[in-house]
2 protein chains.
Amino acid sequence: MTNPQIQANAMEIDVLNEVCAKADAARIAQAQLAQTNTQRKNELLNVIADALDSRAGEIAAANAIDMQEAAEHGMDAGKLDRLKFDVSRVNAAAQGVRHVATLPDPIGEIVRGYHLDNGLRLEQARVPIGVLGMIYEARPNVTVDVASLCIKSGNAVLLRGGHAAERTNAATLGIIADVLREYGYDPALIASVDEYGRQGATAMMQAQGHIDLLIPRGGAGLIQAVVQNSKVPVIETGAGNVHIYVDQTGDQNKAIPIILNAKTQRVGVCNATEKLLVHQGIAETFLPQAAAALAAANVEMHADERAYAIIDKAGIDGVELMHATDEDWDTEYLALKIGIKVVDSLNEAIEHINRHSTGHTESIIAEDYSAIEEFTSRIDSAVVMVNASTRFTDGGVFGFGAELGISTQKMHARGPMGLREMTTTKWIGYGTGQVRA
Amino acid sequence: MTNPQIQANAMEIDVLNEVCAKADAARIAQAQLAQTNTQRKNELLNVIADALDSRAGEIAAANAIDMQEAAEHGMDAGKLDRLKFDVSRVNAAAQGVRHVATLPDPIGEIVRGYHLDNGLRLEQARVPIGVLGMIYEARPNVTVDVASLCIKSGNAVLLRGGHAAERTNAATLGIIADVLREYGYDPALIASVDEYGRQGATAMMQAQGHIDLLIPRGGAGLIQAVVQNSKVPVIETGAGNVHIYVDQTGDQNKAIPIILNAKTQRVGVCNATEKLLVHQGIAETFLPQAAAALAAANVEMHADERAYAIIDKAGIDGVELMHATDEDWDTEYLALKIGIKVVDSLNEAIEHINRHSTGHTESIIAEDYSAIEEFTSRIDSAVVMVNASTRFTDGGVFGFGAELGISTQKMHARGPMGLREMTTTKWIGYGTGQVRA
């Protein structure tokens, strides 16, 4: 009789060994890619895009089976829509790969360079990180985005996509592997660990020294589990308890369109606004208008006492109004809900945000110069908007092309992560025999 | 009867709560410092330097007790020398603080800035990281260096210095706290967790969300323990299995002074060379000369078969020659020892280094352009030198002023860490009412 616990551990160790072996193979492939010039990397990306287009039917067929199974398992409409990867979406993803080919290559950029007094010529140059690990939700377009960003930035990657998208991802990665092989690259460069299921993700967290950086994308629970358990460096992404603060000096004609756009233009994304803070000096006039606009857009309002009283008194048709609890201020609804609070001052707004925000994006609606300077300077988040929608926090919008995710932490990268954020640097010192005195 | 395990856990939880409370107090103090302009930060640094000078006797007296106790406990001469912090060394450290005041302030630098098509003006600005944690050896000058770098870069820090230096560090931090208090800053900004002993270091590793970044300095064992156990992001520093490769085209008149300097100018530091690789085409003529120079400097040689045969045949007076084992190639001696290996090719040298190096610094001695390009491009280390000593990898030498440590990993910072490496960025978007279409 075998102890089942020991058996389980042995299985995990086997998976860890296999995942480390995949990472080591990826590193060898990456060393080759790192020596490939920009022109050849761009050619490779364009060939991959063509292959995705010409074989889109294979991916769509695999996706149809994934979709059917997910529907049978009761996946909700929003997630099913994100899982969908039909021919036209594959074509759009292929177009994204071609766009990545047009982006500037960050590799080789000299970040700093100078001569020391002794004549040693120092240069700090951008180089690829090496082997990345990515754990993400069942969104097949992410597979294509990440593969193209990794090729352009000279990195290898191990992928663990959502279980529901396994057939779709296998079809996609199979096509990419065929192109890599045909053009003399090792397909180990862009590899999946889906064959190990959840153990594959656990093994990536343990693969210290084999994987350089792990990027989890998805729900807050998944991300925190990775942060807590990974021995590999992690970049936290995506959690967005996003605030808009309307100052006493805010222009109401800007404020209401921005709030509506930030809350309702797309629900369930990390840069959608979840909380509205309003200065008490403007609350009596502004909140009834804002609440009417939100009510017309079917947004449920969770209001603190003062905001509740003002909105309630306004008697807006069809308003869904309830009392906010303490829990509301820390909740990312990802739904047609908004928390509303009246604050006494700019200072109270800043302190509330810095206490409750996840550090993603906040926006101030104000015309007063000093209030704006204080808000942008004291708010401790990746992105601070002034008189603009929080929905602009996005690698595509920022001009990065595709994005790997949005970092909500401060190490290595903060905010949208594009090609530049997928690099590290190397110092090179060119000497003529210098020794240290 | 109380279960001692539960009691121990309760103690640890108490320490964790207290360390988190210190970190939270540090964060409040840091928010104030972050709003302080460069001129006032520099004034503060100069006042701290003056206070350290005028009260150097207090620090030296505390240090004398630490030194005596360490000597009684059998601390070796090298470590005792690093522990020593007499009046003249305090004065030198104070001078270092004044130097940090003269360095450019990285905070506020606009890293990137551009307008989006819709007119939104985007800026990515450098900001402080927040609350750092530092675990380091019994070197009291590091306390002063780190405090001054943190103040200049707008960061708070929790410090856990080596046990042997506790009195010295307490005296130093007491003087800094007095100045902070007198000038209206919260002394929580630069705080020690020495009062909790080793539990303080353990608690810092658990303080996720309270401490932003943990930097361990010291032996490889300490650093690996922190990397393996910390839930707070860590920057690995300092391990240096450093290589020099002498190419077939290397100039022997440059090579021998560089090897001697890199190996012997200062032993026991991370940028000292530990391994010498020599191309087989030059080994017969070069190795006897190199070995004679190393023997004259009392360096013990651990040679592979081919190198052993060549050096042995040369019959050098006083040579200490032994056969290298597999373990040698992964060992950082930190002593008057060097591993020597003959390689067949540049490619073998690069592959050997990338397999065995800790990623700190490597140097090539060569005159051939293509060999140098290939070496600098393929070597995967923080610093690559060409015809120069590996001893130049140092924040002071690179012009950073004092350094926090030398990062041997790829996330966030790589190579010497100065003020710029103690920052993160924040995006600010200045709009006029923009919403996302």
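Things to note:
- Qualifying residue in the stretch B:142-149 (condition: part of a strand (DSSP E or B) and of a type outside the set (Val, Ile, Thr)): no
- B:TYR136 being within 19 Å of the chain's Cα centre (by Cα) and in the same structural domain as B:GLY200 (by TED's automatic domain parsing): yes
- Here A:GLU18 meets each of (1) closer than 28 Å to A:GLY395 by Cα; (2) of a type in the set (Asp, Glu); (3) in contact (Cβ under 8 Å) with a residue 12 or more places away in the chain with one exception, condition (1).
- Matching residues in the stretch B:352-365 - criterion: being touching a strand residue (DSSP E or B) at 6+ places or on another chain (Cβ under 7 Å) and either in a loop (DSSP other than H, G, I, E, B) or under 18 Å from B:ILE258 (Cβ atoms) (or both): B:ILE353, B:SER357, B:HIS360, B:THR361, B:GLU362, B:SER363, B:ILE364, B:ILE365
- Taken over the stretch A:400-432, the residue count meeting the criterion of being in contact (Cβ under 8 Å) with a residue 60 or more places away in the chain and under 30 Å from B:VAL386 (Cα atoms) is 14.
- Yes/no for A:ARG126 being in contact (Cβ under 8 Å) with a residue 24 or more places away in the chain, out of contact with any Phe, Trp or Tyr (no Cβ under 8 Å at 6 or more places or on another chain), surrounded by 15 or more Cβ atoms within 10 Å (Cβ to Cβ) and over 23 Å from A:LEU52 (Cα atoms): yes
Residue-wise test of (1) in the same structural domain as A:ASN253 (by TED's automatic domain parsing); (2) at pLDDT below 95; (3) hydrophobic (A, V, I, L, M, F, W, C).
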{"site": "A:LEU346", "(1), (2), (3)": "yes, no, yes"}
{"site": "A:ILE353", "(1), (2), (3)": "yes, no, yes"}
{"site": "A:THR358", "(1), (2), (3)": "yes, yes, no"}
{"site": "A:ILE364", "(1), (2), (3)": "yes, no, yes"}
{"site": "A:GLU367", "(1), (2), (3)": "yes, no, no"}
{"site": "A:ALA371", "(1), (2), (3)": "yes, no, yes"}
{"site": "A:ILE379", "(1), (2), (3)": "yes, no, yes"}
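- Residue match in the stretch A:108-121 (condition: crowded, with 16+ Cβ neighbours inside 10 Å and closer than 17 Å to A:THR143 by Cβ): no
- Checking A:ASN241 against (1) touching a Lys or Arg at 6+ places or on another chain (Cβ under 8 Å); (2) within 13 Å of chain B (Cβ to nearest Cβ); (3) not charged (D, E, K, R), the condition it does not meet: (2)
- Qualifying residue in the stretch A:346-357 (condition: within 11 Å of chain B (Cβ to nearest Cβ), of a type outside the set (Val, Ile, Thr) and touching a Pro at 6+ places or on another chain (Cβ under 7 Å)): no
- Verdict on A:PHE392 being farther than 30 Å from B:HIS360 by Cα and within 7 Å of chain B (Cβ to nearest Cβ): yes
- Odd one out for B:LYS152, checked against (1) basic (Lys, Arg); (2) surrounded by fewer than 22 Cβ atoms within 10 Å (Cβ to Cβ); (3) more than 14 Å from chain A (Cβ to nearest Cβ): (2)
- Taken together, the criteria exclude A:SER357 from residues that are polar (S, T, N, Q) and under 15 Å from the mean Cα position of the chain (by Cα).
- None of B:VAL384, B:VAL435, B:VAL397 is at the interface with chain A (Cβ under 8 Å from one of its Cβ atoms), free of Cβ contacts under 8 Å to residues at least 24 places away in the same chain and closer than 30 Å to A:GLY396 by Cα except B:VAL435.
- Candidate set: the stretch A:257-285, residues that are more than 10 Å from chain B (Cβ to nearest Cβ) and without any contact (Cβ under 8 Å) to a residue 40 or more places away in the chain; chosen: the one surrounded by the most Cβ atoms within 10 Å (Cβ to Cβ): A:ILE282
- With respect to being surrounded by fewer than 23 Cβ atoms within 10 Å (Cβ to Cβ) and not hydrophobic (A, V, I, L, M, F, W, C), A:GLY162 falls outside the description.
- Test: residue in the stretch B:353-361 that is of a type outside the set (Asp, Glu) and either touching a Lys or Arg at 6+ places or on another chain (Cβ under 7 Å) or more than 30 Å from B:LEU214 (Cβ to Cβ) (or both): no
- Test result for A:ILE406, more than 10 Å from chain B (Cβ to nearest Cβ), of a type outside the set (S, T, N, Q) and touching a Cys at 6+ places or on another chain (Cβ under 9 Å): yes
- When A:ALA437, A:ALA349 are checked against the criterion of being touching a Phe, Trp or Tyr at 6+ places or on another chain (Cβ under 7 Å) and not in a strand (DSSP E or B), a single residue qualifies: A:ALA349.
- First in the stretch A:191-210 and within 14 Å of chain B (Cβ to nearest Cβ), second anywhere and surrounded by fewer than 18 Cβ atoms within 10 Å (Cβ to Cβ) and modelled with pLDDT of 95 or more, Cβ under 9 Å, 6 or more apart: A:HIS210/A:ALA21; A:HIS210/A:ASP24
- Condition check for B:TYR369: surrounded by fewer than 22 Cβ atoms within 10 Å (Cβ to Cβ) and either more than 9 Å from every other protein chain (Cβ to nearest Cβ) or touching a Gly at 6+ places or on another chain (Cβ under 7 Å) (or both): yes
- Checklist (1) of a type in the set (A, V, I, L, M); (2) more than 20 Å from B:VAL142 (Cβ to Cβ); (3) surrounded by 13 or more Cβ atoms within 10 Å (Cβ to Cβ) applied to B:VAL100, failing item: (2)
- For A:LYS84: the one exception among (1) under 26 Å from A:SER54 (Cα atoms); (2) more than 14 Å from every other protein chain (Cβ to nearest Cβ); (3) within 18 Å of the chain's Cα centre (by Cα): (3)
- Condition check for A:SER345: under 24 Å from A:ALA309 (Cα atoms) and touching a residue at least 60 places away in the same chain (Cβ under 8 Å): yes
- Note on the stretch A:410-420: among residues that are more than 7 Å from chain B (Cβ to nearest Cβ) and buried (at least 23 other Cβ atoms within 10 Å of the Cβ), the one that is farthest from A:GLY130 (Cα to Cα) is A:PRO416.
- Exactly one residue out of B:GLN224, B:GLN228, B:GLN199 is more than 22 Å from the chain's Cα centre (by Cα) and farther than 26 Å from B:LEU52 by Cβ, and it is B:GLN199.
- Of everything listed in (1) modelled with pLDDT of 90 or more; (2) surrounded by fewer than 20 Cβ atoms within 10 Å (Cβ to Cβ); (3) within 12 Å of chain A (Cβ to nearest Cβ), the single unmet condition for B:THR249 is (3).
- Test: B:GLY405 is of a type outside the set (A, V, I, L, M, F, W, C), buried (at least 22 other Cβ atoms within 10 Å of the Cβ), over 29 Å from B:GLN252 (Cα atoms) and outside the structural domain of B:LEU213 (by TED's automatic domain parsing): yes
The values are calculated or read from the model by the stated rules, or taken from the named source; none is laboratory data. Quantities reported herein were computed from a predicted structural model and do not represent experimental measurements. Heads up, the Cβs are rebuilt from the backbone with ideal geometry, glycines too, and the neighbour counts pull from every protein chain shown.
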